[in-house]
Each structure stands twice: as C-alpha cells, then as structure tokens.
Amino acid sequence: MHKDNATLYPMSKGTPLATLEIVAPPGNADKTIIATLKSNGQIVAQGQSQITRFDDARIILVNSEHAIHRCSSDYELWATLDKDGLESCYPGFMDLFIHESWHFNEGPWKQFTDPLIWKEKKLSKPSNRLRIHYHRYGGYYDGISLWTWNDNSEVPPTEIFEIGRDEFGLIFDLDKADYGVDVDTLRIGILPRRGGDWSLKEDDNKYWDSSFGNEVYLIGTVNYIWKERPDTRQHVMAAFIDTQHCVAIQISRPVDPGEINSESVFIIDENNQHKKIKHLAHGDKPSDTITVITIDPLDVGSHSYFISLENFGGTVIASLRDILHDAELFYDAQAKLGAIYSPSSTTFRLFAPTANSVEVVLYDIPVEDSSPFRAILMKKIGKGVFECTVQGDTLGKFYRYRLQGQKFPANIEVLDPYAINTVGESRFSRITNLLETNPMDWERFRVGPPLDSPVDMVIYEVNVRDFTIAGNSGANHKGLFLGFTEQGIHLPDATDIPTGLDHLQELGITHVQLLPVQDFSKDEDDGIYNWGYMTIAFNSPEGWYSTNKLDDSRIREFKHLVSALHARNIGVIMDVVYNHTDYSSPFHIINAPYFYRFYAEGNYANGSGVGNDFRTESPMVRKYIIDSLKYWVEEYGVDGFRFDLMALIDFETMREVEVELRKIKPNIVIYGEPWSSGHSPIKGQATDKNAIRHTSIGAFNDHFRNALGGSPNGSELGFLQNGTHREGVAIGLEGSYRDWASQPTQTINYMTCHDNLVLYDKLKWFSPNASEQDVITMMKLGYLVLFTAQGIPFIHAGEEFARTKYGHGNSYNAGDEINRIDWLLKVKNHDLFVYTRDLIRIRKQHPLFRLRLAEQIKERVKTHLPPTAKSLIYLIDGADLENETWKESCVLINGEDSLDVEFLLPPGRWLVAIDGNGTADKPRAVEYRVTVRHKSGMILYRVEEQPEIIEIIALAIKEDAGVTSEDEIEQGSISDKAEIETGEVFEKQG
C-alpha cells in the first residue's frame, strides 16, 4: 500500500448506511479494498478495509458528510482492490474491481462470495497510458470527474474517475487506445465536471494531442494544459472590471481583512501606465476576492489592464464583467448587426466587447480546414461593436469572424450570431440576397389571415418532419418544408382521405405552431432525429428541412411553407427557444458571462435543464432577441411566437418584445410556457403567470390540463380518467379568470403537447383497464370540453385521430418510427377525426364559445350544480352577441365511469348540436330532461327566446362541491310536468 496516499484519499465520517462482505482473490492479504455507493452520479457513502488472511473483508459504508443523502432503492457500487499503489474507489490500471448495482429493497447488506467476480482493469500497452493530474484551488475535490471524448471518432464519450491523489491533487489515467486506432493522431477532449452534472462543468473544453506527451497537468477553472507541473502557490487567478472605478480580483486563497493593502495592488495598462488605487473594499471575514476602487476611471474602450498583487504569483488581464451592462458604454439600440448585403458591397458588424481585434474571414467553400480567400480587419466603432465593409459582390460566399483577445483560443473563428443563412453543420454563414428568395405571389401571401382576437384561434402543434415523413403521407418532399406546400396529397390507397396541407384545411384549424425551425444543433446529413430545442443560429431556418443544405434553399422553402399556409388562411406560429442555446452557439465564445447567467460558484446557470440559461436581461442580449423576432415577422411574415420556458426570460424583455412586435403586426400572437425547469439567477422578474397578468401575453394553462387529463407523469389522474378535479375543469371552462388569467385571450387550453405522452398513450397508459374504444371515448369527451372552453384551444398534431408514440414520453430524439404521423390512423379512427373536426366547426361558427372578455364570461357563462359529483352542466348566453345565431347553449358533461346520467334541462325546447355519437344527421329536439352516456358530453342550443320562468339561481361549483343530499339529486322522483315547466326542478339541479 502507498502509505502517503492513505492520508490523501478521504474517508467518510458519518452514519453507517450499508455493509459489504466480500471475498478477494487468493494472495491479497493485507491489501486494501475501497468501496463507494453512488446515487445520481454523486458519492453518498464510502468505506475501506484490509483483506484478512482468510481473503475476506467487511466494509462499513458510511454516509458521506458532504453528500445530501436521499432515500433511494437503487445505487451504483464500486469496489477496488489496490494493485497500483494509488488508493481510490475507482480502479487504476492493474487494479481489481467490482462495479455492480445495489438495490436496497434487497436490504442494506450485500455479499460477494465468489472471487471470480473481480475484474482487472487492463492497459493496452504502457505507452498508451495518459496520466492527467488535476489541481483545484481550495482543495475541494468531491465528485470531480473528467468527461473525455475524441471529436474525430465514432467512439462514444467516456467519463473517467480519479484513481488516486497526491500533493498536487487528483490523478486520472486513460488508455489512448480506447479513443481511436491511430493513437499518434488523437485529439482527446477533456472537461472537468462535478457530480456528473453538466451545470457544474468547468470553463471551456480542453484538448490533448500527442505534442503534450503522456503526463499533463490541469488546474480547475483555468483553460490550459501544462506539460510540466505548474506552480500552485498563492497567485492571482482572475480579475473583472465591474464599473469604471471597480475591479474585482480573485486569488487562490482567502485572505484576512487588512492582509493586503492598496500599495500591494497593481493595475497597469499596455502602455505601462499605473492606475492609482483609492481604497480596497472588503468585509470583516476572510475572502478570496479583493475589490479595488480606483481614483480615475478605467478607459475600457481603449485600454487593457494587467492586474498583479505583491507576494502573489501571476499577472492577469482584467476581463469586462458587470461593466458590460452599462448601457452608456456597451449598448447600441440602433446598431444593425450581421452581414448587410448589396450587390456593390457587404457591411459586417459584430458585437464582441471583450475582443481586442476582429476579422471577417471569407471562404469560397464552407469546409473546415479550407483556406479562406480573404480576411479583412474590422474596426471598433464604439460600444463593443466592430465593423468593416467589403467592396464588390460577395453573393454566395461564406464567412465567419476571427476573434483575438485574452479569453479567445488562438485563431478561433465563430459563426455570426446574426447569420441569416447558415450552411452544413452551422459552422459557416452564407451571404445571401433575400430579395431573390421570395416565392411567387409572396407579397400577396406574406401577410397571414386576419385575427380579430386570439380566442378565434385553433392552434395545431406540429413538427415539420413528423408531418409528412411517413411513407403513407403521400408527400413527395417527405419531412421537409416543401412537404407542407403540396396540395391534393392523400393516403396512397385512399383518395378520399386527404393528408398534409389539405388535411389541415379539412380539420379546420386556424394556426399551425411549428416545433423549432431556427437553425439547431444537428449534422444536417446524418438523418439522426432531433426536435430542435438546442438552437445555434436564431435568424436562419434549419437546413435539415430543406432540399439543399449549402445554398439559400432553407430560406426559399420556409417562405414557401408560410405562403402555402397563408393561402389556406392558416397562420404560422414559431416555437422559439430564447432561454438557452446549444454549446456550439457563437455566444459561448464571444463572451459567455455576458450572454449567459452563471451561478456564484462560476458555473453556468441551468434553469433550462440542458446546461445553460441565456442572459436575456443583458442589454445587447435583449436587443438580439427583439431584433431576431422582428426579423422573422418582417422577412418571413410569421404570425406569432410560442416561447419555450418563458419564465427564464426576464419580464422587461418580454414586455419590450410585445411592444416592438405590435408596432409591426398589431395582432401578433405571443404566448409561452410560464415556467422553467429549475432555478436561474435572473435579474428582474421572471415571465411567469403572475408577471403576465393584465398583459396580452398568453400562457399554457397547465392547471386546466392537469384537471382535465391528469398530470403529465400520471401521478394524479384527471376528470377524463375518473371524474375528479371537476372544479378545476369548471374554472378552465370559464377561461380561468378565477385562477390566473386576467382575460380568456391569455389562456392556451390544452390536454397534451409535444412534451410527455401524447393523449392516446396517456389515457391508455394511466387507464390500464380501458379498452381501445374506451380511450377513444375519453378523447372525444376531452375534445368536447376543450373546444367549448373559453380561451384558446390547442392540440398536438395527429391527436385528432389518436396518434400514438407507443408510450414514449420524451421522444425528442426517438426517431421517425416513434415520431412520424401515421396517416392510416385517420382511417382507423375516422370517427374521432370527424368528431374533432365537427367540434372545431361548431366553435368557429358560434362566438359564444369565444367570448373576448372576462366580464362577458362572468355575465354569460353560468355553471350549475349537476346531478352527480362527476358531471357538469353549464349554460352560455348568446343573446345579442355579434354574429351569434344561438340564443343560448347548454353543455352537459358526464365523467362517470359507467353511469349514464339524466340531466334536467332548463325550460324550453333544445336542439342537439352534438352528443357522444357525433353531430346529428337531422335536428333532434329535447325537452325537460336528457340522458347523457357515461364518459361523454352533449352540446344543446336553442334559437328562440327563453321563456319567462322563475329566476334560476346559478351556483358556482365549489372545491368540494358535490351531491349534498339525496333530495337534491333524486330526479326520478319528480314526475309532475307542471313543476318542470315552472323551473323549480332546474333550481334543484342547479
């Protein structure tokens, strides 16, 4: 055993969690076994023991004092028998190890009695060992691992763990042969992270190649690889300029107040001019940050500043940090950024406030490692913007920006954030003449259909590829933008079953909401499926959906899509993802701390759940978002936007978005998800339901969704499954003005969307005893509620004929087999399609289901006490409502599992518009009472004036509303027709 290492590798002190009894291979007496339990990537318990002369050992696994132990039944067990002289629970080369799962429902005691279970970690050959030393200032190493990969190989990434510790820090070993066949040409990426959590990754990717040799050194948060052991004594780590008079200096150890004084701090510009220090600002506790206040302002627009401390090693260049948010210094609202093309010249502008210099680099072909034909130095024009103009016609050329400065890797080139025509894998932008991309009749069909109020919409969410990729879609351009434009397509063997665009018109929806079509992270030629929620370039359409990935086809063909839908009076809404980006987005290189939020520990904020949060409150980020949205409206004629994880966008930005877009298109549609996936250190108010009250920004109504169809994960069932949550359904039917929406124009009413299970799968999965017909029946009831509810109805594509994803609850990368719309289901479930279509038609024909204002709903919609606890009855007054032909409608809903319910009707003669079987072939009248089949509903109406009766008292359903006595619901005992005609019976029911 390596004696010194025993003091370097920490053992847990805490509460015993489990016991491991283990038999080692013969001949290992007195050697050490170290074991650990992990949960969700984090160590929760550790222990070690020496092997006895009987070749066995008992190890008590003790809860780690730093771990937050959550009760779990499933753990990951590592046990290592030390052979290489370095102690760790993870094996080094030559070590023996066990790696197993441990299910605690089997008990907190585990035995391994067969010594053959041990495996040896082998090295292909000694020259293939790469040893990586890792040091972290402050010495906190718990949970640190290295994510490693080879960019130029199909070998999957590998997470490696420490095999020991020394005075420098952690030790990692890898076998280069695991990363590719030709080890001499390998380029291995290395990224430290903590606890297997991408939000806790460190700095940028580092890359090893053979020039570094077989032993290298890393220091946490420092983007550098050393061939020799670096000096880790106290030194200056980083410095940040927060105002023109304030510099924050980070050092490698905490210092006591007064330990460093003004004479110890040196701020010097590139001309060797010293800045005088006014004083140091610090608290009364030790700190590893020194805040320096200067006498004279720092000229950050013209100079760089070098920071050093007496008796501390290292000199760093101060980075711009909070000062970037000074709008006087770094914000230009009028700047037109990107490539501005004309046949005579092209002007390039880029916001890169921390770059020392920027060049625009022009290429003939968009291929990595190809030689540019020209590089033009750009000049600073103020407020962090660089500019240059290239004379001559650059149409069809490709370009990137080359940045130089302290934080930029050598010769780094980035995509233009304002790129309008990315190509290939989004690494180059094409210079394109937008005037040449307009389809025929563009000026006629660029403008979408008129929209008097958002409640007039019926939104249909669809993925471009899903819509036509199936072999039975009948489309020629399967899975592409142009697939949306094809007319007259149908099922191959059924000319009477329209698909594609004709299907949308037949169904009667008013707006299509497209899953992301802005350029997202994807190799556009590899065919691997992706929804597109990792955006790279927000101003360019995605090339995966175009016929040519290297020219302007993506622009032309997306305009064709918009034009084709507009020609059918169907609006186009884009699903936009301005809350985070892909890591290949240029913002990460240009200035990550400006464009993204960070936690205090220095790692990316992760309220999005995918590793980063866009810092929308930064002035030039806010400008970028608004510029981008305006571009899609002005250039492509889109009619609205759905904001992904809208609560990660600060409310001031969303408010400016609304103001600026309505200047262009007064009836623009704006709504989003009023939540986030986790905490984000947002500056200002998040755009959630509370923030958007009394605005015209809409939001998805998850309360109504959960009440009607149950929670997404099935932890709680809804009204459709078992008749519960009647109050929540009633609130939703009223447009949720009693909940969070100030007006019905704000509430997006839905049962399911692309996230989680589709409706058919959800009802089938969480109603295991339901037959196929039962599921279809529940879907019909759900649609009847949805399309009669005040607000804006929203459905997911294909669910009008019971689309299935075969139980897949998160199909973002599941492929076409899961995600494609199978148009044969339109035949199989044609009655459901017709039912849904007819409900949409009824809604569109009758404004009483589309009341504009909460005050109208309060006056016209009356919810009555129904005959059973799992039923609903509500009336909508249509008298004197503009364009309404019904004087009144009565909607009856029966959520009972098997009980057909008899409803007593308000006095008068009612006509049936639709019931559980569909619309009536000919008018059918009912009076006094009507029976509604279980798990179904009925829409009644009348066109004559309501007869005068005794006033009906409408009782709003309370949270615990239900049948309070048999007398209140005993309808069968009432037989006197005269009593019915006076309205007294309806008073009892309602």
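Structure notes:
- Listed residue pairs exceeding 24 Å between alpha carbons, taken from Lys383/Lys623; Lys665/Lys862; Lys478/Lys549; Lys276/Lys379; Lys862/Lys935: Lys665/Lys862; Lys276/Lys379
- For the stretch 97-105, the Karplus equation 6.51 cos²θ - 1.76 cosθ + 1.60, evaluated at θ = phi - 60°, returns couplings of 8, 10, 10, 9, 8, 10, 9, 6, 5 Hz by residue, with Gly and Pro reported as x.
- Three-way shape label, the stretch 800-925, alpha-carbon gyration tensor, a/c 1.5: prolate
- Per-residue SASA entry for Asp774, accessible area with 1.4 Å probe, Å² rounded to 10: 70
- Rotationally averaged projected area of the stretch 16-103 (alpha carbon convex hull; nm²): 5.6
- Inter-part distance where the stretch 227-297 and the stretch 810-862 are each reduced to a Cα centre, Å: 62
- Of the DSSP H helices in the chain, those whose Cα atoms cover at least 15 Å axially and whose Kyte score averages -0.5 or more: 553-567, 619-636, 651-664, 772-788
- 19 Å reach of a label modelled at His830, 7 Å along Cα-to-Cβ, counting backbone N of the stretch 476-494: 488-494
- Length gained on full extension, Lys922 to Asn261: 228.7 nm, using 0.36 nm per residue less the C-alpha separation.
- Rough spin-label spacing in nm, given labels placed 7 Å along Cα→Cβ, for Glu716 and Asp822: 3.3
- Against the rule of thumb 2.2 N^0.38 Å, how large the Cα Rg of the stretch 642-752 comes out: 1.14
- Considered as an equivalent ellipsoid built on the Cα gyration tensor, the chain has semi-axes of 57, 38, 28 Å, the largest given first.
- Straight-line cross-link reach from Lys858 at under 26 Å between alpha-carbon atoms covers these lysines, not counting any fewer than eight positions away in the same chain: Lys689, Lys844, Lys870, Lys887, Lys958, Lys988.
- Put Cys890, Cys246 in order of accessible area, highest first, and with a 1.4 Å probe you get Cys246, Cys890.
- When all protein chains stay in place and ligands, DNA and RNA are ignored, the 1.4 Å accessible-area order of Glu673, Glu944, largest first, is Glu944, Glu673.
- Rolling a 1.4 angstrom probe over the protein heavy atoms with all chains in place gives the stretch 16-103 an accessible area of 42 Å² per residue.
- Anisotropy class of the stretch 338-414 from Cα gyration tensor, a/c 1.5 cut: oblate
- Length gained when the stretch Asp739-Ser287 is fully extended (0.36 nm per residue, less Cα-Cα span): 158.0 nm
- Viscosity 0.692 mPa s, 37 °C: Kirkwood-radius Stokes-Einstein D of the stretch 727-773 over Cα pairs, µm²/s: 259
- Helix-only [θ]222 nm of the chain, DSSP H runs n ≥ 4, -39500 (n - 2.57) each, per residue, nearest 500: -4500 deg cm²/dmol
- Estimated from the Cβ-Cβ distance and a Förster radius of 56 angstrom, the FRET efficiency linking Trp765 and Lys122 is about 0.80.
- Taking amide H atoms as placed 1.01 Å from N in the peptide plane, the amide H of Ser540 lies under 5 Å from those of Asp519, each 5 or more residues away in sequence or on another chain.
- For Lys397, the aspartates and glutamates whose Cα comes closer than 13 Å to its Cα, not counting residues fewer than 8 places off in the same chain, are Asp364, Asp551, Asp552.
- Förster radius 60 Å - calculated FRET efficiency between Asn411 and Lys663 (Cβ-Cβ, nearest 0.05): 0.90
- Distant-in-sequence amide H partners of Asp575 (H built 1.01 Å from N, under 5 Å): Leu514, Val517, Arg642
- Charge dipole (debye, nearest 20) of the stretch 794-942; +1 at Cβ of Lys and Arg, -1 at Cβ of Asp and Glu: 160
- The stretch 109-232: C-alpha gyration tensor shape, a/c 1.5 cut-off, then a/b vs b/c: oblate
- Per-atom-type breakdown for the chain gives carbon and sulfur 48% of the accessible area (1.4 Å probe, protein chains only).
- Dipole in debye (nearest 20) - the stretch 593-712, about Cα centre, beta carbon charges: Lys, Arg +1; Asp, Glu -1: 200
- For the peptides 52-62, 141-151, 807-817, the ranking by mean Cβ contacts within 10 Å, running from highest to lowest, is 141-151, 52-62, 807-817.
- Take each peptide in 906-916, 505-515, count the other Cβ atoms within 10 Å of every residue, and average; sorted highest first, the result is 505-515, 906-916.
- Cα radius of gyration and Dmax for the stretch 556-706 (Å): 15.9, 53
- Near the amide H of Val44, within less than 5 Å, lie the amide hydrogens of Leu37, Lys38, Ser39, all on another chain or at least 5 residues away, with H placed in the peptide plane.
- Protein heavy-atom accessible surface, 1.4 Å probe, per residue over the stretch 713-806: 26 Å².
- Centroid-to-centroid separation of the stretch 475-547 and the stretch 678-729 [C-alpha atoms, Å]: 29
- Among Ala281, Tyr596, Ile821 - extreme Cα towards positive end, dipole of the chain, charges at beta-carbon: Ala281
- Ordering of 172-184, 480-492 by packing [mean C-beta count within 10 Å, highest first]: 480-492, 172-184
- Only lysines eight or more places from Lys828 in sequence, or on another chain, were considered; those with a Cα closer than 17 Å are Lys764, Lys780, Lys805.
- Phi angles across the stretch 931-938 convert, under the Karplus curve 6.51 cos²θ - 1.76 cosθ + 1.60 with θ = phi - 60°, into 3J(HN,Hα) values of 9, 10, 4, 4, 6, 8, x, 8 Hz, Gly and Pro given as x.
- Probe 1.4 Å - accessible area at Asp627, Å² to nearest ten: 40
- Across the stretch 112-124, computed HN-Hα scalar couplings (Karplus, 6.51 cos²θ - 1.76 cosθ + 1.60, θ = phi - 60°) run 10, 9, 9, x, 6, 5, 5, 10, 9, 7, 9, 10, 4 Hz from first to last residue, x flagging Gly and Pro.
- Accessible surface of Val926, taken over heavy atoms with a 1.4 Å probe and every protein chain present, rounds to 20 Å².
The values are calculated or read from the model by the stated rules, or taken from the named source; none is laboratory data. What you are looking at is a predicted structure, and each value in this text was computed from that prediction instead of being measured. Because the Cβ atoms are built from the backbone with ideal geometry, glycine has one as well, and the counts that use them run over all protein chains shown. Ligands, DNA and RNA are excluded from the accessible area calculation, which covers all protein heavy atoms including side chains. Shrake-Rupley method; radii C 1.70, N 1.55, O 1.52, S 1.80 Å.
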